[in-house]
Amino acid sequence: MKITYPHMGSLNMVLKTMFEGIGIEVIDPPPTSNRTLTLGVKNSHEFACLPFKINVGNYIEALEKGADTIVMLGGIGPCRFGYYGQVQREILKDLGYNFNMIILDPPHGRIKDFLRDLASNFPGVDLKSAIKSFVLAVKKMLAADKLEKNLLIYRAHEDKQGITTKIYEKYMEKLEKAKDIKEVDRVLKEGIEKLKENANVQRKIQLKVALVGEIYMLLEPFTNMDISKSLNELGVEVTKTEYLSDYLINSAFKLPQRMEFAKNARGYLERDIGGHGLNTVANTVKYAKLKYDGVIHILPFTCTPEIIAQGIINRISRDYDIPVMSLVYDENTGQAGYQTRIEAFVDLLYKRRTV
Ligand code: SF4
């Protein structure tokens, strides 16, 4: 079996650690590129959301490299994600690829059922090494998220442009190669120290922006044109409101984060609307209350939950007097136009602080 999966932030590092730990060969899809996007767009329905198209491109590139099994999450709910896997499987079969697709429903608190379902696809796997590699994979995921949270603050203060990105990439590579939990802890500690050492620029006015929106768009720098980097390079500290660990842990255990979202969104949105629409509304309220300078909402074109959230967060913007900008992405989005909008938004935030 040669297993593959779509790119989604640090997901490939996590799954690679898990599968290689139980002796299964992994074929990483090549990093998402313009070729990936072109393949995905060419072979998907025009109105499919952007993450769907990029997933298709990732799969084609991994199948070309020799993968024969695709792992994908499924699900239920008022959003198209639930049937991504089935539709993608049919597209790839029509293209003539020969492979097996494993579609796993998120556990939503039923961890035992989820693990039983997962294990049934890998008969003969040793339980002890499965648990060991699972724990190491979770540890790496938490470390990768923490390292990125630090990057998004320290990069706004870097001494030399590009230095903190290089440090981050180097330590992400080290995390990927880490063989045990102790090594993960050591790499994370050292990585954060190095970021800190190389970030000494201080400003009289320090802007803070929260990024809210659809999770795939937030996690994939290629897809959002590395918006965090653009903001950091303008001297803005960035807080990304969704990380892979939050998403997986919440969907696994139904943890209190959902209750926190419901509480923060109260008065604006009283129910889950699918995808991450509720999170977007709740996070906008949360960071408005924390007196952030602004909120940027990122969403894929045709994403229904985020389109509903977009209407609501305009009201939050008025109620809390916080600037909110929505950026809608699709395959035709151009970097230059978005860079101009980001710069104009940051200018506006500086002006609000100086008058
Ligand atoms: S949340 Fe939006 S972009 Fe993501 S799968 Fe659902 S509809 Fe598509």
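All of the numbers you see were taken from the coordinates with simple rules; none came from a lab. This is a predicted model, so every value here is computed, not measured. Virtual Cβ from ideal backbone geometry, glycine too; neighbours counted across all protein chains shown.
The table for this structure:
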read-out	value
Point-charge dipole on Cβ atoms (K/R +1, D/E -1) for the chain, about Cα centre, debye to 20	1040 debye
The range 97-170 and the range 177-227: distance between their alpha carbon centers, rounded to Å	16 Å
Mean Cβ neighbour count within 10 Å, used as a protection proxy, ranking 112-118, 208-214, 156-162, 25-31 highest first	208-214, 25-31, 156-162, 112-118
Cα convex hull volume per residue for the range 2-125 (Å³)	110 Å³
Q161-D321 pseudo-label distance in nm [points 7 Å out on the Cα-to-Cβ vector]	3.5 nm
Rg over Rh [alpha-carbon atoms, Kirkwood Rh] for the chain	0.96
Diffusion coefficient, µm² s⁻¹, Stokes-Einstein with Kirkwood Rh over alpha-carbon pairs of the range 64-223 at 20 °C and 1.002 mPa s	111 µm²/s
Lysines with Cα under 19 Å of K179, excluding same-chain neighbours fewer than 8 positions away	K16, K128, K132, K139, K140, K146, K170, K189
12 Å Cα cut-off, lysine pairs counted over the range 204-355 (separation 8 or more, or different chains)	4
Volume per residue that the Cα convex hull of the range 204-355 spans, once the total is divided by residue count, Å³	109 Å³
Estimated [θ] at 222 nm from DSSP helical runs (n ≥ 4, -39500 (n - 2.57)) normalised by residues in the chain, nearest 500	-17500 deg cm²/dmol
For M101, distant residues with modelled amide H under 5 Å away	I70
